[in-house]
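Following: one structure in structure tokens, then a few remarks.
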Amino acid sequence: MTLTKRIIPCLDVKEGAVVKGVCFKDLRQVGDPPTLAVEYQAQGADEIVFLDVNASVAGVRTMHEAVRKTAEQLFVPLTVGGGIRTFEDVRKTLNVGADKTSINTAAVLDPSLISKCADAFGSQCVVLAIDAKRSGDSWEVYTHSGTKPTGLDAVEWAKAAVERGAGEILLTSMDSDGMKKGYDLDLTKAVVRAVRVPVIASGGCGTLDHIVDVLTVGEADAALAASIFHFGQHTVADVKRALEAKGVPVRWGS
């Protein structure tokens, strides 16, 4: 059976507003989280990702009230990340309406958190976020919203996290993020082929063809995008029509 590919708008949130930047910098406000989430759902989004991009740096907790307001209006899955540091943070985030939690910094600092959460809530609730930057012929993992290099190889870290129970990988190319020149196909393919769980590609989407490429050439299971949606360049439906025209299976409605 051929699995459909997922299209996932990303809501990067800072201080209660959705923002977009370039290479994790120069953030500008583009809207309100619940409003945008509902709009993208209406356009046909398969899921929504909600990331508090300032939480890990500032040491604050995920904005649970914003999560609750967003989640209560959605019927598609909602993944929430940013500032989730502990098992209790994961539990609270799921309790306020998230279907999945995305962890990056906390997982690197304490890999056992992955298995603890997977055992308690199920692997399907545990998304490992990897922010990766090219280093020679490989890619290095960064934490704290892309500010701290870890020395970890992205592909090897993905494998290790899946062995610990991560049910999905949210893979962001820091080199490509916000550049609108396309996803890092080499990075994406390398991680996809190394793990047995779905991989969501993120970072660099600027055109419909970029999404087609990452889901075919890059072999990703899902494509995350922000700029093309936030600035009105394309709708989710536009993306799905482009994918169908290329023979890529997508899901329409319920």
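Only one of ALA98, ALA106 is closer than 21 Å to CYS10 by Cα and not in a helix (DSSP H, G or I). Can you tell me which?
Details: ALA106 fails: not in a helix (DSSP H, G or I).
Exactly one of ALA98, ALA106 is closer than 21 Å to CYS10 by Cα and not in a helix (DSSP H, G or I), namely ALA98.
Can you name every residue in the range 223-254 that is touching a His at 6+ places or on another chain (Cβ under 9 Å) and either closer than 17 Å to ASP12 by Cα or not in a helix (DSSP H, G or I) (or both)?
The first filter runs over the range 223-254 and keeps only residues touching a His at 6+ places or on another chain (Cβ under 9 Å), leaving 223, 225, 228, 242.
Listed by number, the residues that qualify are ALA223, ALA225, ILE228.
Okay, residues lined up against (1) modelled with pLDDT of 95 or more; (2) not charged (D, E, K, R):
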{"residue": "GLY81", "(1), (2)": "no, yes"}
{"residue": "THR86", "(1), (2)": "no, yes"}
{"residue": "LYS92", "(1), (2)": "no, no"}
{"residue": "LYS100", "(1), (2)": "yes, no"}
{"residue": "SER115", "(1), (2)": "yes, yes"}
{"residue": "ASP119", "(1), (2)": "yes, no"}
{"residue": "GLN124", "(1), (2)": "yes, yes"}
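Please state which of the following conditions THR143 fails to meet, knowing it meets all the rest: (1) within 15 Å of the chain's Cα centre (by Cα); (2) at pLDDT 95 or above.
Single failed check for THR143: (2).
Taking the stated definitions as given, is ARG134 modelled with pLDDT under 95, basic (Lys, Arg) and farther than 18 Å from LEU11 by Cα? Give the steps one after another, and end with the answer.
Working: modelled with pLDDT under 95: no; basic (Lys, Arg): yes; farther than 18 Å from LEU11 by Cα: yes.
No: the conditions fail for ARG134.
The values are calculated or read from the model by the stated rules, or taken from the named source; none is laboratory data. None of the values given here were measured: they were computed from a predicted structure. Cβ coordinates were reconstructed from backbone atoms using ideal geometry, including for glycine residues, and neighbour counts include every protein chain displayed.
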